[in-house]
Every structure is written in C-alpha cells, then in structure tokens.
Amino acid sequence: MRDYLPPIHINVTGSLRGFLKSMANIAEKSGAFTVDQELDAFGTSGCDVVNLRLIKSPQHRGLGGQLIVQPERKNSVAVEIRAERWSPDDPPTYETYVAEGRALIGPLLSAYNREFGTRYRMTIPAKCKLQPKLPPQSAKLFRRFAALSNKSGLHWLDWRRFYEFVRDSRMRRRLADEDMVRLLVKEGFSEQHARHIAEIYGHLREFKQLA
C-alpha cells in the first residue's frame, strides 16, 4: 500500500511573508533552484507560496518544493515536496519523501538561521503517528471482528460482528475509507478484500447517519 506522506511545517515567529521572501532569496543565491514567488496566491489575501524547483535532480524528475503560508494557520509555514516522477517508487515512500524534504529545504533553513540568528527547524511527524487509530470502544469492537474473522472470505457471523462494530462505534469524525483499508490490512486482510469491506463500511456509515 502507498505510504501516508507526512505534513511538514516550520514554526516561525514574526512576519511569515518576510520569512518566505528571505528563503526565496537564499534559494536564488544558492544557484541550485529556479524560484517563483506568488503573493496572495489564488486571489486569497495572506496566502503566499514560494515554488522551488531543483535545477539538477540526480534521481527524481522535476523535483522541487513549496513553502506555503495559509492565513488560517498562524505562525506556521507548510513544506510540500513534489516531483514530476519519483524514483524508484512513484508515489514515494514516507522515507523517500522525508529524505528529499530534508535535503532540499534543510540547507536553506540552516542558511536562514545563520543569517538571522534563529533556530527554526522542520517538524516532521513520525511514520507511526500517521497511521489511523480508533477510539477505545470502537477499537475493542474492531479487534473482536478482526480476530474472529475468516480473512479469506467472511462468514455471515463475521459480517454480523462487522455490522455491530459500525452500529456501536462512537466516533466524532467519520473514518475515511482509506483508513479502514489500512486497519484491515494491518489485521491480515488482503488489500483487495480490505477495499471491498471498506466500501461496505462507507455505505453502512451513510445509512447510519440517515437512520
């Protein structure tokens, strides 16, 4: 299955737009990037984007990064890494994405810290933190279903336990179908079978909301 790619950000005090402009200037001076700045991008006031395209990418085609300021996220600059073609895996693994993020943005951030006397760093969630989790009661019901299931083909009693899991779960936010797939695969279901069950889960959740 595809890895979840982590949300990377930099906590910044002071002017976020000033930080972006300085980072763009450092990138231009490095000679390693083509740099494009978009202030008030998409017609949204306070939405600023710096696009950094690596001029020579030894492995991934069209590799680059974006520094993004969104008006609703105070004191935080998002970092996103993109490529026209990742190698050898496309889409990339968590490890590849994180490594390229550190390789691209890390040196620029270090140069910024030296110039302005700051200690900014990129915050990157650990891979294990990205995995979906169920509330305790829902997790108990799900484990009962998964542990007793015939994973090659669900028995009608297995389905009954799955229906009970959906019926009795209390979650503030609906679990995404892709998260359900990951939970099922982790419990030993094949990805194909997990996607079938997750599709049914989605229908059951919709029905539950209407009931």
Subset of the range 124-153 (residues that are open to solvent by 30 Å² or more (accessible area, probe 1.4 Å), among the aliphatic types (A, V, I, L, M) and farther than 30 Å from Ser76 by Cα): Ala147, Leu148
Would you check which residues across the range 51-78 are under 17 Å from Ala103 (Cα atoms) and open to solvent by less than 70 Å² (accessible area, probe 1.4 Å) and list them? Asn51, Leu52, Leu54, Ser57, His60, Gly62, Leu63, Gly64, Gly65, Gln66, Leu67, Ala78
Residues of the range 13-24 classified as surrounded by 19 or more Cβ atoms within 10 Å (Cβ to Cβ) and either within 19 Å of Gly117 (Cβ to Cβ) or within 18 Å of the chain's Cα centre (by Cα) (or both), total: 4
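One line per residue, one yes/no per condition, for (1) more than 28 Å from Arg174 (Cα to Cα); (2) part of a helix (DSSP H, G or I); (3) of a type in the set (A, V, I, L, M):
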| position | (1), (2), (3) |
| --- | --- |
| Ala78 | no, no, yes |
| Pro88 | yes, no, no |
| Leu104 | yes, yes, yes |
| Leu108 | yes, yes, yes |
| Glu115 | yes, yes, no |
| Tyr120 | yes, no, no |
| Lys129 | no, yes, no |
| Leu134 | no, no, yes |
Condition check for Ile105: among the β-branched types (Val, Ile, Thr), modelled with pLDDT of 95 or more and under 16 Å from Asn11 (Cβ atoms): yes
Looking at Arg167, Arg195, Arg174, which is the one that is in a loop (DSSP other than H, G, I, E, B), touching a helix residue (DSSP H, G or I) at 6+ places or on another chain (Cβ under 9 Å) and open to solvent by 60 Å² or more (accessible area, probe 1.4 Å)? Arg174
Considering only residues of the range 105-117 that are in contact (Cβ under 8 Å) with a residue 40 or more places away in the chain and not acidic (Asp, Glu), which is farthest from Gln192 (Cα to Cα)? Phe116
Name the residues in the range 25-54 that are over 24 Å from the mean Cα position of the chain (by Cα) and assigned to a helix (DSSP H, G or I), would you? Asn25, Ile26, Ala27, Glu28, Lys29, Ser30, Gly43
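Conditions (1) within 24 Å of Thr123 (Cα to Cα); (2) modelled with pLDDT of 90 or more, marked per residue:
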{"site": "His9", "(1), (2)": "yes, yes"}
{"site": "Ser30", "(1), (2)": "yes, yes"}
{"site": "Thr34", "(1), (2)": "no, yes"}
{"site": "Glu38", "(1), (2)": "yes, no"}
{"site": "Gly43", "(1), (2)": "no, no"}
{"site": "Val49", "(1), (2)": "yes, yes"}
{"site": "Leu54", "(1), (2)": "yes, yes"}
{"site": "Leu63", "(1), (2)": "yes, yes"}
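The values are calculated or read from the model by the stated rules, or taken from the named source; none is laboratory data. Keep in mind it's a predicted model, so treat the numbers as computed, not measured. Quick reminder, even Gly has a Cβ in these numbers, built from the backbone with ideal geometry, and neighbours come from all protein chains shown. Surface accessibility is based on the protein's heavy atoms, side chains included, excluding ligands, DNA and RNA. Shrake-Rupley method; radii C 1.70, N 1.55, O 1.52, S 1.80 Å.
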